[in-house]
Amino acid sequence: MAEFQSLVDLFEKSCEAYAGNELFGTKKASGWQWITYGEFKSLVDRFRGGLAALGVGPGDRVGIVADNRVEWAVAAYATYGLKAQFVPMYQAQKPTEWAFILGDSEAKVVIGATKVIAEQLRGLELEGIQAVISMEGGPDEEHSFEATLAAGEASPVEAQHPESADLAGFIYTSGTTGKPKGVKLSHGNICSNVNGIHALFTFDPTDRSLSFLPWAHSFGQTCELHGLLSMGSSMAINDEIPNLVGNLSDVKPTILFAVPRIFNRIYDGVNKQMAERGGMVKSLFEAGIAAAAKKGEGQSLGFFEGLQHTVADKLVFSKVRDRFGGRLKYAISGSAALNRDVAKFIDALGIDVFEGYGLTETSPIATANYPGHAKIGSVGKPIPGVRIVIDKIIEGDTENGEILVYGPNVMQGYHNREDENAKVLMEDGGFRTGDMGRIDDTGYVYITGRIKEQYKLENGKYVVPSPLEEELKLSPLIGNVMLYGMNKPFNVVLVVPDALALEAWCKDNGVDFATAHTNEKVVQLITDEIANHSKSFKRYELPKKVLLSNEEFSTENGMLTPTLKLKRRIVLKQYGDQIEALYAKS
């Protein structure tokens, strides 16, 4: 098993061992173009020299505002090789957020994905920023990516090797409850996760992912970028989310790293298609899913059940797998809880789905399901070196409590936030996650909610909204949703209908789509959908009133974080009066 001490150690060993192998693929007009590990190393070596020529050295911070691309990875590993620290940001963030992160981290150099972004960064006029590099532009343009490579080629600098305890960089949390916090992660933190991946999964140079989760997020960065690079695997970089399905067919990945939202859409789409087909195809599909679920639970199938599964797999499931490129063997889900029915569905298609759990503050993996050790509905067992404790004292629950994480993956703390450190970093080395969970008698961990999101109804009953919201979002008519009822007599729900699905319904039913969110028929339609998808709710959890919105929750309007988590305080600020009116009407 690999034991990497730093990300520079990982980078050098992989580029030497797999020099001739394909590493990154980029979509061009002529098709997918690939660069090898050896070519990637050359770029990193040159860019490292270019950063050094700009004065970057040990302890300095290099910021970047860019989506996933080869240059992102080049900049990251070049920074590590100078014992400097990498600070990634999202293109979808607002310039004010870039300004806060760059100022808080005291970045010395920042890289922008485009000339427009680079100009926006220069316009921030932040003290301490000595150079803004644009990924666009030729070698003759000052502070272009190409010019930095040329400067490094003219003045090469050997890679320095950080100690395990040295900081690799800051990853800023998405700030669902306030200003982003810079999570300080050491080389040892991240490498403990990568080493853990090696212990649990056997990826190899024939494996390939289609990369669309942002590397600026800890899940995409550690599990995909560092993890796959450490194993000699390859990554095709997705260009646009609308092109994802077509790119899957082109790239034919064996591994897909995704968040539940992606798997939910697949589930919704296939189920909707089967419902429209109806008849024998729908019956065969449902029988095949049931047989596959039974088989997945270790039960033997009768002759007729086995035949149904075989036929369903050939006529239906294989067609779905073909949409993924036909080679997909692992689907790895993280960042939020995956609905149990969705997980069973993906598994039934013949794709092994493995759900894990962690936070940016735990580098991120704390627990994981893995081949031969998986239980659908759980987030797996602690990875090697990690220990999970359930603190039941605060909540007073006999089974559930706050999840505490111990291990080499626990962050070094929040940058410039000693008050926040005191709240989460325990004297015995544990980290308070703020998540509620339990551990079953076989050691598998289950997430049951988020403590900060939990609220109490007027009757004293506690409600944990996020898992309930995930259930509701399985409706093909519901795009996004927020449950609310803090100190109220009952829950209400704010729903953003799925625009395409609702538009089609409006067309078939003679309803004006532009005003659909106020139409009584549409309100009843969504109310019925809520009822159909809340049958597992406890009686007091059921929403009794529905409010519709025709505005998507998005990063642009601030209602979603860049990792698509709901910013409840922003949504409440926007819709608070309308939500209160629901109670007034009752």
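General observations
- Average Cα contact separation per residue, the range 472-575, under 8 Å, 6 or more apart, as relative contact order %: 28 percent
- Ranked 297, 361, 22, 106, criterion: other C-beta atoms within 10 Å, fewest first: 297, 106, 22, 361
- Working ranking of peptides 260-267, 94-101 by packing, defined as the average number of other Cβ atoms within 10 Å per residue, highest first, is 260-267, 94-101.
- For the range 136-224, the list of GluC sites (Glu not before Pro) that fall in a loop by DSSP and count at most 13 other C-beta atoms within 10 angstrom reads 141, 142, 158, 163.
- Using the Cβ-Cβ distance between residue 301 and residue 140 with R0 set to 51 Å, the FRET efficiency from 1/(1 + (r/R0)^6) comes to roughly 0.15.
- With a Förster radius of 25 Å applied to the C-beta separation of residue 391 and residue 486, the computed FRET efficiency comes to 0.60.
- Förster-model FRET efficiency, 25 Å R0, residue 514 and residue 244, C-beta, rounded to 0.05: 0.30
- Averaging the sequence gap over all C-alpha pairs within less than 8 Å and six or more residues apart, then dividing by the number of residues, gives the chain a relative contact order of 11 percent.
- Segment residue 452..residue 286, full-extension length gain: 55.9 nm, with 0.36 nm per residue of separation and the alpha-carbon distance subtracted.
- In terms of distances greater than 24 angstrom between alpha carbons, the cross-link table entries 272/314; 179/392; 272/319; 473/573 yield 179/392.
- Each of the peptides 317-325, 422-430 was scored by the mean count of other Cβ atoms within 10 Å over its residues; in descending order, highest first, they stand as 317-325, 422-430.
- Peptides 513-525, 232-244 ranked from most to least packed, by the mean per-residue count of other Cβ atoms within 10 Å: 232-244, 513-525.
- Lysines with Cα under 17 Å of residue 294, excluding same-chain neighbours fewer than 8 positions away: 344, 375
- Spatial separation of Cα centroids for the range 310-339 and the range 171-238, in angstrom: 22 Å
- Spatially proximal aspartates and glutamates relative to residue 521 (Cα-Cα < 20 Å; intrachain offsets below 8 disregarded): 498, 503, 508, 512, 529, 551
- Ellipticity at 222 nm from helices only: DSSP H runs of n ≥ 4 in the chain, each -39500 (n - 2.57), divided by the residue count, give -11000 deg cm²/dmol.
- Segment residue 13-residue 523, extension gain: residue separation times 0.36 nm, minus the distance between their alpha carbons: 177.7 nm
- Considering only the chain, percent of DSSP beta bridges that pair antiparallel, nearest 5: 55 percent
- Degrees separating the helix 145-154 axis from the principal Cα axis of the chain, which is the longest one: 30 degrees
Only the coordinates and a few stated rules stand behind these numbers; no lab work does. Keep in mind that what you see is a predicted model, and the values were worked out from it rather than measured. Reconstructed Cβ throughout: ideal geometry from the backbone, glycine too, with neighbour counts over all protein chains shown.
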